[in-house]
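J.: If you scroll down you'll find the structure; I have some questions about it.
Where a number appears in this text, it was derived from the coordinates with a stated rule and is not lab data. The structure presented is a predicted model; accordingly, all values stated were derived computationally and were not measured. Reconstructed Cβ throughout: ideal geometry from the backbone, glycine too, with neighbour counts over all protein chains shown.
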Amino acid sequence: MDAVENEPSIDKVVDRLAARFPHVPRPHIAGVVGEEFDALSAGRIRTFIPTLAERGARVRLQSEFGIRAASD
């Protein structure tokens, strides 16, 4: 997956996490999601990258802000 292929997936993940973490600034969420996508981009199986990136970002946000997501 290159950056162009990732962009719609990243946007969707950021949208979902912004809804779950309304108190966290959207640019911060986008940065965390981008880092998660980058960390997974070297993987051989790319089908699950958006799901894994979203989970990793959610866990990081929960840990960083010491709170649960709005729908958890």
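J.: Based on the mean of other Cβ atoms within 10 Å per residue, sort peptides 28-34, 40-46, 13-19 so the most packed one is first.
T.: Those peptides, ordered most packed to least, come out 28-34, 13-19, 40-46.
J.: What ³J(HN,Hα) values, in whole Hz, does the Karplus curve 6.51 cos²θ - 1.76 cosθ + 1.60 give for the stretch 39-51 when θ = phi - 60°, with x put for Gly and Pro?
T.: Once θ is set to phi - 60°, the couplings for the stretch 39-51 become 5, 9, 5, 7, x, 6, 9, 8, 4, 9, 4, x, 5 Hz.
J.: Now for a separate question. Nothing charged except the Cβ atoms of Lys and Arg (+1) and of Asp and Glu (-1): what's the magnitude of the dipole of the stretch 3-65 about its Cα centre? Round to the nearest 20 debye.
T.: Approximately 240 debye in magnitude.
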